[in-house]
Amino acid sequence: MSQDNDLHDVAARIEDLRAQINYHNQRYYVLDAPEISDAEYDALMEELRRLEAENPELITADSPTQRVGAAPVEAFGVVEHHTPMLSLGNVFSEEELMAWYKRTAALAGEQGFDFTCEIKMDGLAVALTYLNGKLVTGATRGDGYRGEDVTSNLRTVRSVPLTLSGTVPPRLEVRGEVFLSRDGFRRLNDQRAGEGLPLFANPRNAAAGSVRQLDPRITSQRPLDMFVYAAYAEGDNLPDRHWDRLEEMKRLGFKTNPYNKVCPSIEEVRDFYQEMLVSRESLPYEADGIVAKINSIPLQERLGHVGREPRWAVAYKFPPVQGTTLLERIEINVGRTGSLNPYAVLRPVSIGGVTIRHAALHNEDDIRRKDIRISDTVIVQRAGDVIPEIIGPVISKRTGNEKEFHMPASCPRCGSDIVRPPGEAMHRCTNAACPAQALEKLKHFVSRGAMDIDGVGEKLCAALLDAGLVQDVADLYYLADKRQQLLEMERMAEKSVARVLDSIEQSKGRPLDRLVFALGIPHIGAQTAEILAAHYRSLDNLSEASLEELQAIPSIGPKIAESIHAFFRQEGNRRIIDKLRRAGVRMEEARTPETAELPLAGREFVLTGKLESMTRPQAEERIKQFGGTTGSNVTRKTTHLVAGADPGSKLDKARSMDVTILSEEDFLKMLEEEGRT
Ligand code: IVH
């Protein structure tokens, strides 16, 4: 009797624990809003596990403890789909979208309709069947009619509810996409790299591979996620609008994509596409387009499908960002600081309307890790404006003639030894006078954010080095003595020589932070240079700073301090600085500490649009010279907006606030007047 009572209590406690855990799973995995700490959650799980271990007869298949995965199955069983799992027709342009709409509207006749727009997730489609609120089968799409039984695997997906709460149809089938986030994918591949396992090419393959694992215990370790995009029920007691069905699914505990949106017209479908195209790269998962679905289920049924494609829905695909091509060879670019940067020379391939010829390869370890070989067919990925990247080789295309890449033992430009400093992934050329380094250093020195020497671009830098007219950056300031030799260079007439010499002369007065940045001290960006210039106020002070002193500056870490300290102790660098000084390059902070007395003190300027008479950095410099400050956005602190040609939204914002708006002409006039006073 008392034993029965105990068992009764235990069963009740188990039920209670399962309910709590399911609730917290939902908060955590579906709503992203946990209410308890991980430790508290673990304690609940631990207690449930213990009670179930002591009372194995109380274990049920839908217990949250069973998510860890049942024993491996030999092969997957077959699941017959109640209604076929259709695919989608694709459109690739606005014209095609409009053509689809016209056709559909003609078929719909008088009846007007609206849409639900969804993100087209790049994962794999699955169907989940619930009987009386309990998950009984999970299946892949297969051929659309018959899929694989992957129930044990899908049970391990945290956002798949095992039991549904509230009133549920006796038989409910939901369909959706199982996927891996970019982050989850990266972590998974990192882990595999560490274990020496082959890497997954992309999140979709990784998700598909994980769902089709024979051992569910492995699936349970993969951070899979699922968004539901369709629901069907026996007797059809679900809402008769697609959007409302998705809302209903959300209430039942499923995860739906928060970007889903009702679009009343096809124009709004187009706008949704445009918005998503822009946000695409910042989504935490990969998406390959949007899906527009007619909301009315009765209309959906009336329209039906052609072949496997429903007439009531369409996928509007994003331009592809991946392609495959031949990796012809691996070349090495020597950076400003002597780093050897390997890159792939590809057989040109068009990806998303852009021809790709090169891709970054980072370093030797990375090439090894991805098992990329010369003559491999490789998967190339383009992401926005960043340098294209090689995802990996297409192993099935290997012929056996591919060659592994090895870093050369000497610098490909100057033949000097190369080293790989301990703890670094990069190989470096040991020759400070390496011509490749010299070119990169020169290019950096004259660049916009550095000394901003107009008219001296990459070609001229290379030509000057080739002609032996400059050997290092300081030689630029002695070119006036070599006028005749300059005139003898290709494309250098009297006028261009005068212009080049003039901009070199002008650059002598650049503020100290520009000079510090231009020197190309390893690890020193424009921002750090600004901090250093403000702190030391002269290059001499900076060059004499001790390691301890440098490290004491907030935001200067040990690595940066080390780099600065070492830079100023190198004989070659000291010589260059000396030459710069003798040429009359400014080495002191020009801005006096008493900026408060300068004419533009207390005023904050924001620049927008294109200026005719000067570059943006030049304009900012002028403002600073007069004691003003500059900001990148219009805020309450902004006092003036300088609007050049084609101003952006900053102008509208400035107009709505108490900001003085200046045309370029007004701005120049103001500078001239302030200059006189
Ligand atoms: S609806 C009858 N909605 O795209 C409509 N599919 O090309 C069937 N997919 O196999 C699909 N996100 O794997 C739909 N929001 C979404 C989707 C989506 C991704 C995939 C799904 C399907 C394929 C069809």
Query raised in the report: In the range 199-217, what residues are open to solvent by 40 Å² or more (accessible area, probe 1.4 Å) and free of Cβ contacts under 8 Å to residues at least 24 places away in the same chain?
Result: PHE200, ASN205
Report summary line: Taking the range 326-366 and the residues there that are β-branched (Val, Ile, Thr) and within 21 Å of ASP417 (Cβ to Cβ), the one that is surrounded by the most Cβ atoms within 10 Å (Cβ to Cβ) would be VAL334
Query - Output for the range 7-45, where each listed residue is within 32 Å of the chain's Cα centre (by Cα) and open to solvent by 80 Å² or more (accessible area, probe 1.4 Å) - result: TYR28, LEU31, ASP32, GLU35, ASP38
Query raised in the report: Any residue at all in the range 476-498 that is within 41 Å of the chain's Cα centre (by Cα) and more than 23 Å from LEU515 (Cα to Cα)?
Result: no
Query - Residue check, VAL228 within 13 Å of the ligand (Cβ to nearest atom), aliphatic (A, V, I, L, M) and either under 23 Å from GLY138 (Cβ atoms) or open to solvent by less than 30 Å² (accessible area, probe 1.4 Å) (or both) - result: yes
**Report entry** GLU234 being of a type outside the set (Lys, Arg), within 13 Å of the ligand (Cβ to nearest atom), open to solvent by 30 Å² or more (accessible area, probe 1.4 Å) and closer than 27 Å to GLY142 by Cα
**Finding:** no
Query raised in the report: Filtering the range 316-326 down to residues that are part of a strand (DSSP E or B) and within 24 Å of the chain's Cα centre (by Cα), which residue is nearest to the ligand (Cβ to nearest atom)?
Result: LYS317
Requested in this report: Determine which single condition LEU246 fails, assuming it passes every other condition in (1) within 16 Å of the ligand (Cβ to nearest atom); (2) open to solvent by 10 Å² or more (accessible area, probe 1.4 Å); (3) in a helix (DSSP H, G or I); (4) touching a residue at least 40 places away in the same chain (Cβ under 8 Å).
Outcome: (2)
Query raised in the report: For SER279, are the conditions met, namely being of a type in the set (S, T, N, Q) and in a strand (DSSP E or B)?
Result: no
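To keep it simple, each residue is scored yes or no on (1) farther than 24 Å from ALA139 by Cα; (2) at pLDDT 85 or above; (3) in contact with a Gly (Cβ under 7 Å, 6 or more places away or on another chain); (4) of a type in the set (Val, Ile, Thr).
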residue	(1), (2), (3), (4)
ASP32	yes, no, no, no
ILE36	yes, no, no, yes
GLU57	yes, yes, no, no
GLN66	no, no, no, no
Report summary line: Of the residues in the range 89-138 that are open to solvent by 50 Å² or more (accessible area, probe 1.4 Å) and among the charged types (D, E, K, R), the one that is nearest to the ligand (Cβ to nearest atom) is GLU96
Report task. Could you check, for the range 76-91, whether at least one of its residues is assigned to a helix (DSSP H, G or I) and modelled with pLDDT of 90 or more? Result -> no
Report task. Output the number of residues of the range 139-155 satisfying the condition of being within 14 Å of the ligand (Cβ to nearest atom) and closer than 17 Å to MET226 by Cα. Result -> 3
Query - the range 223-234 residues that are of a type in the set (Gly, Ala, Ser), paired with ones that are near the ligand (Cβ under 9 Å from one of its atoms) (beta carbon under 9 Å, 6 or more apart) - result: ALA230/ARG175; ALA230/GLY176; ALA230/LYS293; ALA231/ARG175
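The values are calculated or read from the model by the stated rules, or taken from the named source; none is laboratory data. Please read all numbers here as calculations on a predicted model, not as lab measurements. Cβ: placed from backbone, ideal geometry, glycine included. Neighbour counts: every protein chain shown. Ligands, DNA and RNA are excluded from the accessible area calculation, which covers all protein heavy atoms including side chains. Shrake-Rupley method; radii C 1.70, N 1.55, O 1.52, S 1.80 Å.
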